[in-house]
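What follows is a short report on a single structure.
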């Protein structure tokens, strides 16, 4: 079972899934890339996750748009179009006869190096594309009862050091934060920005509810989350005041509700931060309204895709 905020129900079918590796479907135990791959050697790659609901990869166009923005920022030639990548993803789920409760991670690296060196010039032409599909149903306990967060000492830094808008393979600061949270007995790390304001979590996005308003960070020090953006839009549609602003741990500890968002689990309640009890998840009325509306948004996209 996956641990932390990405806790999932154990599914033995995952041992036999086929992995997409550069156009071939390979059994999981045999899926390999070169030790000279730039993603392995240098972390020089980008990735996206996707969720399959009733045969539809929901919000996939948003995910692919983010992928191409990251590639452009890194001067990485992806070789393929967005439609090509979409077909690769659907090819992968079709080869595995998957229909629902599936999480996919697609990784694209700059390609194979001629020698272990940073310069893109030391890379052979041709990207590496790997897609890992898994049956992953979010843990019902975490989804319903909530998760615990711990504020890590590791900060989300300035974009001139590492730009968090790029969904890159280089995740050392997030991993360090995650390690600290696990050591503290938490599920996920809450991370601050260089000024001490709340930025995001190590693998999810962060929201609080204060006096009927939903607050989230300015977004300056976090990835442009797809689910985060959908929740912000839903707040507007539901006439729930939404603020993208600076706020501190004082506001978190005294919040009425706290929740996190992500592609895998959608909207998940947070019941404690740094040992401070926030409340019972079943009393988080605004969060529950957003949970329901987000699921309805997914269902609507599935209906629209199945009609077309």
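The values are calculated or read from the model by the stated rules, or taken from the named source; none is laboratory data. As the structure is a computational prediction, the values presented were derived from the model and not from experiment. Virtual Cβ from ideal backbone geometry, glycine too; neighbours counted across all protein chains shown.
Out of curiosity, is residue 37 within 30 Å of residue 122 (Cα to Cα), touching a strand residue (DSSP E or B) at 6+ places or on another chain (Cβ under 6 Å) and in the same structural domain as residue 15 (by TED's automatic domain parsing)?
For residue 37, the condition - within 30 Å of residue 122 (Cα to Cα), touching a strand residue (DSSP E or B) at 6+ places or on another chain (Cβ under 6 Å) and in the same structural domain as residue 15 (by TED's automatic domain parsing) - is met.
Filtering segment 1-27 down to residues that are assigned to a helix (DSSP H, G or I) and free of Cβ contacts under 8 Å to residues at least 60 places away in the same chain, which residue is nearest to residue 136 (Cα to Cα)?
The extreme case among them is 12.
Tell me, please, whether a residue that is closer than 26 Å to residue 51 by Cβ and assigned to a strand (DSSP E or B) can be found in segment 169-187.
no
Checking the conditions here, which among 209, 198, 154, 214 is at pLDDT 95 or above and farther than 25 Å from residue 281 by Cα?
154
Take the residues in segment 82-108 that are over 15 Å from residue 53 (Cα atoms) and without any contact (Cβ under 8 Å) to a residue 12 or more places away in the chain, then tell me which one is surrounded by the fewest Cβ atoms within 10 Å (Cβ to Cβ).
Per the stated criteria, the residue is 83.
Take residue 269 and tell me if it is over 13 Å from residue 205 (Cβ atoms), outside the structural domain of residue 103 (by TED's automatic domain parsing) and surrounded by fewer than 22 Cβ atoms within 10 Å (Cβ to Cβ).
no
If you check 130, 154, which single one turns out to be in contact with a helix residue (DSSP H, G or I) (Cβ under 9 Å, 6 or more places away or on another chain) and outside any loop (DSSP other than H, G, I, E, B)?
Selected residue: 130, the only one of 130, 154 that is in contact with a helix residue (DSSP H, G or I) (Cβ under 9 Å, 6 or more places away or on another chain) and outside any loop (DSSP other than H, G, I, E, B).
Looking at 207, 259, 221, which is the one that is crowded, with 22+ Cβ neighbours inside 10 Å, assigned to a loop (DSSP other than H, G, I, E, B) and within 18 Å of the chain's Cα centre (by Cα)?
221
Is there a residue in segment 59-78 that is part of a strand (DSSP E or B) and either surrounded by 15 or more Cβ atoms within 10 Å (Cβ to Cβ) or modelled with pLDDT of 95 or more (or both)?
Checking segment 59-78: not a single residue is part of a strand (DSSP E or B) and either surrounded by 15 or more Cβ atoms within 10 Å (Cβ to Cβ) or modelled with pLDDT of 95 or more (or both).
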